[in-house]
Amino acid sequence: MKRRILLVDDELAILLTLRAILEMNGFEVDTAASAKEAAQKLKNGVFEMVITDMRMETETAGYEVIQEARQQEYDPATAILTAYPSLGNEWQSQGAQSLLVKPVNTNELLRQIEALLISHQDHRMRNQLPKAAKRTANAASGKIDHTSAASKKAL
C-alpha cells in the first residue's frame, strides 16, 4: 500500500516537480495550491504526511495548514517546506515536526521524509501503548468501553 502525502505549495513548478519525485519513489501524492484547499483535502482524505510551503496566500499560511493537519484524527506527520530557513524554532511551536529547506537535493529530501515518517510512527506507537494498557486493565476489571470512536467524536 502506497503512503499518502499531501503536498501544499502555491508555486506550480515546485508542486509538480516534487509530486513527480515523490510518486517515482513510491508515494501517492495529492496536491493543494493554498492553505484553504489543503484544509478541505485534509478533512476529506487521510494522509500519512503533510508537506507545506510556508509563504502562500499569507506569510504564515503554512502554519494554518500544519494546525489543520494536527486537528485530524488520523494524525499525519507534518513538515514545513521553505526557502526562508530563518524561522528559528517557531515552526516547532506551531506543530511542524520537520523543516525542509528548498531547494533540496532529491536524495536528501527522500531521506528526511523517510526519517520523519519513521519517527512519527514511533511516536504514535508510544502514545498508543498507554491507551492499550488502560483498555486491557479496564477489560480485566470488567469496565469495557463499548462506545465506538465515531460515537465518542460525536459526543
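Each reported figure results from applying straightforward, stated rules to the coordinates on display, with no laboratory input. Quick caveat, the model's predicted, so the values are computed rather than measured.
3J(HN,Hα) couplings calculated from phi for segment 37-51 with the Karplus curve 6.51 cos²θ - 1.76 cosθ + 1.60 (θ = phi - 60°) are, in sequence order, 5, 4, 4, 5, 5, 5, 6, 9, x, 10, 10, 7, 8, 10, 10 Hz; Gly and Pro show x.
Return the Rg/Rh ratio of segment 54-104 with Cα-based radii and a Kirkwood Rh.
Details: Rg = 10.6 Å, Rh = 11.1 Å.
Rg/Rh for segment 54-104 comes to 0.95.
Fully extended, how many nm does the chain gain between Glu57 and Asn107 (0.36 nm per residue separation, minus their Cα-Cα distance)? If you can, show how the numbers build up before the last one.
Working: separation 50, 0.36 × 50 = 18.00 nm, distance 2.91 nm.
Length gained, Glu57 through Asn107: 15.1 nm.
Backbone amide hydrogens, once placed in the peptide plane, bring Val29 within less than 5 Å of Ile5, excluding anything fewer than 5 places away on its chain. Here the 3J(HN,Hα) profile of segment 2-17, calculated from phi with Karplus coefficients 6.51, -1.76 and 1.60 at θ = phi - 60°, is 6, 7, 9, 10, 9, 10, 10, 6, 8, 9, 4, 4, 5, 4, 5, 5 Hz, Gly and Pro shown as x. Note on segment 1-111: Cα Rg divided by 2.2 N^0.38 Å, N the number of residues, gives 0.96.
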